[in-house]
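Just below is one structure, and these are the notes that go with it.
The values are calculated or read from the model by the stated rules, or taken from the named source; none is laboratory data. A quick note: this is a predicted structure, and the numbers were derived from the prediction, not measured. A quick note on method: Cβ atoms are made from the backbone with ideal geometry, for glycine too, and the neighbour counts reach across all protein chains shown. These accessible areas exclude ligands, DNA and RNA; they are computed on the full protein's heavy atoms, side chains included. Shrake-Rupley method; radii C 1.70, N 1.55, O 1.52, S 1.80 Å.
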Amino acid sequence: MNQCTSSSPVNITLGVLGGKWKPEILWHLHHKTLRFTELKKLVKGITQKMLTQELRQLEDNKIVIRKIYPEVPPKVEYSLTDYGKTLEPVLKAMASWGEKHQI
């Protein structure tokens, strides 16, 4: 898991969710399991390299699981782990706040 220099609960959460793309990636994955290309289409503006990097970090933090199917071409799916699903209330609260404060 990412090391955080502060023991503040907010900073611990931001250590896992921080960044421009992770919350949106998690938002889409909390709805359903998705393939890499599906995620790339849903997360507007993210590069393939950045999506790969963010997914790897989420996987390292045990938030996302990557399942590889042995077929040609390779099929890879991403979903939330049980631990990752504990973030759903946080994601829903963020979405609710965002809906109320849209500009």
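For helix 48-60, what angle does its Cα long axis make with the longest principal axis of the chain, in degrees from 0 to 90 and rounded to 10?
It works out to around 70 degrees.
Can you list residues whose amide H is under 5 Å from ARG35's amide H, if they're 5+ apart or on another chain and H is modeled 1.01 Å from N?
TYR78
With a 10 Å radius around each residue's Cβ, average the other Cβ atoms per peptide and rank 18-29, 45-56, 91-102, highest first.
So the peptides 18-29, 45-56, 91-102, ranked by packing, come out 18-29, 45-56, 91-102.
If you average 1/r over every pair of different alpha-carbon atoms in the stretch 46-103 and take one over that average, what Kirkwood value in Å do you get?
13.4 Å
Between LYS100 and SER7, what is 0.36 nm times their sequence separation minus the Cα-Cα distance? Round to one decimal in nm.
Numbers: separation 93, 0.36 × 93 = 33.48 nm, distance 2.98 nm.
Extra length from LYS100 to SER7 when fully extended: 30.5 nm.
How far is helix 88-100 tilted, in degrees, relative to the longest principal axis of the Cα atoms in the chain, given as a value from 0 to 90 rounded to the nearest 10?
Its long axis makes an angle of about 70 degrees.
Once the whole set of protein chains is in place, how much accessible area is left on ILE65, using a 1.4 Å probe, in Å² to the nearest 10?
Spelled out: ILE65, probe radius 1.4 Å, area about 80 Å².
Tell me the Kirkwood radius of the chain: reciprocal of the mean inverse pair distance over distinct alpha-carbon atoms, in Å.
One decimal place: 14.5 Å for the Kirkwood radius.
Using a probe radius of 1.4 Å on heavy atoms only, what accessible surface per residue do you get for the chain? Whole Å² is fine.
Here the residues of the chain average 70 Å² of exposed surface.
Where does the chain land at 222 nm, in deg cm²/dmol rounded to the nearest 500, when only DSSP H runs of n ≥ 4 count, each adding -39500 (n - 2.57), divided by all residues?
-15500 deg cm²/dmol
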